[in-house]
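J.: One structure follows; several queries about it will come next.
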Amino acid sequence: MKKLFLFVFALSLFVLQAAQASTPKDTLVMAFNIDEIISLDPAEIFEFANAEYAANAYDRLINYDVDNVSKIYPGIAESWDISDDGLSYTFKIRKGVTFASGNTLSADDVVFSLRRVVLLDKSPAFILTQFGFTPENVEKTIAKVDDYTVKILVDQAYAPTFFLYCMTSTAGSVLDKKEVMAHEKDGDLGYGWLKTGYAGSGPYTLRTWKASEIMILDANKNYWGDAPKLRRIIIRQIAESSSQRMLLEKGDIDMARNLTADDLKSLEKNKDIKFQKRAKGRIYYLGLNQKNKYLKIPEVRQALKYLIDYKGMEQTILSGKATIHQAFLPKSFLGALEETPFSLDIEKAKALLKKAGLENGFCVNMDTRNTEPVTSMALSIQSTFAKVGIKLEIIPGDGKQTLTKYRARRHDIYIGDWGPDYMDPHTNADAFARNPDNADDAKSKPLAWRNAWDIPEMTKKADAAVLERDTAKRARMYMDLQRQHQQISPFVIMFQDIEVVAERADVNNFILGPSFDSNFYRYTTK
């Protein structure tokens, strides 16, 4: 009898422990490396993790279909018109929308939100200022017509989809003007408060954010659309892939977002786990600072492109999580170039270095975010560089550290990833192939500027492409631009990302979109 009692007690304890390991039915718990988050202000958000947050916490004027990017559909704007001359866009704002605060959303909020991006002039401001908006003219160019109509005037007749896709970006998020201005200090437009605060109308609201620890979102009770299926989203900062995998196996989390190829493979036979994959616009690349005396030499730049083990990394480190891609436009974008002219070729790299007078190699540093797969990629690159005498010192840091240094162009080599800010090809052409001002104090600071690459002629070509309204001709212009860029640029573009999410079997309808800010929580069920 005593043995039976002990057996029943042990069984009960096991069941209790198992129950404790499972997450609440109305809550999604995910492990996600969110250490790169610097700010929660949509006017400043410029990283992957917080852009995903904004996509779920804020509404935008318009949106695009994640399964058919060419289809743009209404958001806060229920309709819009474009003038015949292509210089004026008029948006009719949806009535009956309230913010999480309970305040009514109107044209005032839309105008305030867009102007605020221009006035604050943080990293994503270029998404709007490239249309000619300035602090001096913004009151005239972004204006309220009536309580539910907004008129926006651009400086040139751009390809219409270019402007519309920019409105689908994080910079196009609509903020609660009353809530933000209630926290304004010294004319900062609420910036100090909104770095950690919330003033949106999206399906989820911010409950808690502790940098590099946790983010908790609650369903917005005032949401104007279909109510979110789950009451709460908990995002835990877990950087290590192995830790994410173990927590997922135990049932302590519902979803793992940053698993390595090895950890994904180890879960393949686990019937309690399933996978979701989606090709993303994100590309992995090296940025070579042209202030470095070695990296500014054309033959050195070319040699480094032959010192990457593209196939080896694709098959091992990145197995199933990325494909070889060597142009700045990701596949699926208008005009994307899919040619891959570079492969690991030690002898060709040696010949190029000899031509540059550097046959004995040189020493150089590479700033590397201490997360996977970037760390393993850096080690692979260090190994292949060494084959020609290039001593590569890896300088590890978290997302904030490496990005801050890179944005100040104080690096030698930066290994990282880049995702499109909107779904028009100019988003990456503007980053990789434009640099209108290479001065240290330049107003515009795209990736070409970060790497001190002065390219007035290529900038002109990129500017011409964005004004071309013939879609087929525009696509050809971008393909020609990428071919030139591949050969001469200080960018070693290597891979296009495939996002893989591992989920518990009872998780359904987590939406993975083609970009980092088109992953949506509101439809998820358990």
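The values are calculated or read from the model by the stated rules, or taken from the named source; none is laboratory data. Just so it is clear, the structure is predicted and the values come from calculations on it, not from any experiment. When we count neighbours, we look across all protein chains shown, and the Cβ atoms used for this are built from the backbone with ideal geometry, even at glycine. Just so you know, the surface numbers come from the protein's heavy atoms only, side chains and all, with ligands and any DNA or RNA stripped out. Shrake-Rupley method; radii C 1.70, N 1.55, O 1.52, S 1.80 Å.
J.: Please enumerate the residues belonging to region 335-378 that are open to solvent by 40 Å² or more (accessible area, probe 1.4 Å), in a loop (DSSP other than H, G, I, E, B) and in contact with a Ser or Thr (Cβ under 8 Å, 6 or more places away or on another chain).
T.: Those that are open to solvent by 40 Å² or more (accessible area, probe 1.4 Å), in a loop (DSSP other than H, G, I, E, B) and in contact with a Ser or Thr (Cβ under 8 Å, 6 or more places away or on another chain): 344, 372.
Here is a yes/no grid of residues against (1) of a type in the set (D, E, K, R); (2) under 19 Å from the mean Cα position of the chain (by Cα); (3) open to solvent by 10 Å² or more (accessible area, probe 1.4 Å):
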site: 478; (1), (2), (3): no, no, no
site: 488; (1), (2), (3): no, no, yes
site: 499; (1), (2), (3): yes, yes, yes
site: 504; (1), (2), (3): yes, no, yes
site: 511; (1), (2), (3): no, yes, yes
site: 516; (1), (2), (3): no, yes, yes
site: 524; (1), (2), (3): no, no, no
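J.: Between 307, 288, 217, which is in contact (Cβ under 8 Å) with a residue 12 or more places away in the chain and under 25 Å from residue 34 (Cβ atoms)?
T.: 217
J.: If you scan region 84-101, which residues turn out to be farther than 16 Å from residue 197 by Cβ, open to solvent by 40 Å² or more (accessible area, probe 1.4 Å) and assigned to a loop (DSSP other than H, G, I, E, B)?
T.: Listed by number, the residues that qualify are 84, 85, 87, 94, 95, 96.
J.: Looking only at residues in region 388-418 that are open to solvent by less than 40 Å² (accessible area, probe 1.4 Å) and among the small types (Gly, Ala, Ser), which one is modelled with the lowest pLDDT?
T.: My answer is 399.
J.: Can you tell me which residue among 247, 307, 295, 286 is of a type in the set (A, V, I, L, M) and more than 19 Å from residue 342 (Cα to Cα)?
T.: Criteria check complete, one pass: 247.
J.: Shifting gears a bit: Could you check region 194-300 for strands (runs of 3 or more DSSP E) lying wholly inside it with 2 or more residues that are farther than 30 Å from residue 100 by Cα and at pLDDT 95 or above?
T.: It comes to 273-288.
J.: Looking at region 264-281, I want the residues that are crowded, with 16+ Cβ neighbours inside 10 Å and have a partner that is assigned to a helix (DSSP H, G or I) with Cβ atoms under 8 Å, at least 6 apart or on another chain. Which pairs are those?
T.: Qualifying pairs under 8 Å: 267/245; 267/248; 267/249; 273/248; 273/249.
J.: Return a yes/no flag: does region 133-156 have any residue that is β-branched (Val, Ile, Thr), free of Cβ contacts under 8 Å to residues at least 24 places away in the same chain, assigned to a loop (DSSP other than H, G, I, E, B) and within 21 Å of residue 42 (Cβ to Cβ).
T.: Checked region 133-156: at least one residue is β-branched (Val, Ile, Thr), free of Cβ contacts under 8 Å to residues at least 24 places away in the same chain, assigned to a loop (DSSP other than H, G, I, E, B) and within 21 Å of residue 42 (Cβ to Cβ).
J.: OK, next. Against the conditions (1) under 25 Å from residue 398 (Cβ atoms); (2) more than 19 Å from the chain's Cα centre (by Cα); (3) surrounded by fewer than 20 Cβ atoms within 10 Å (Cβ to Cβ), where does residue 237 fall short? Just the number, please.
T.: (2)
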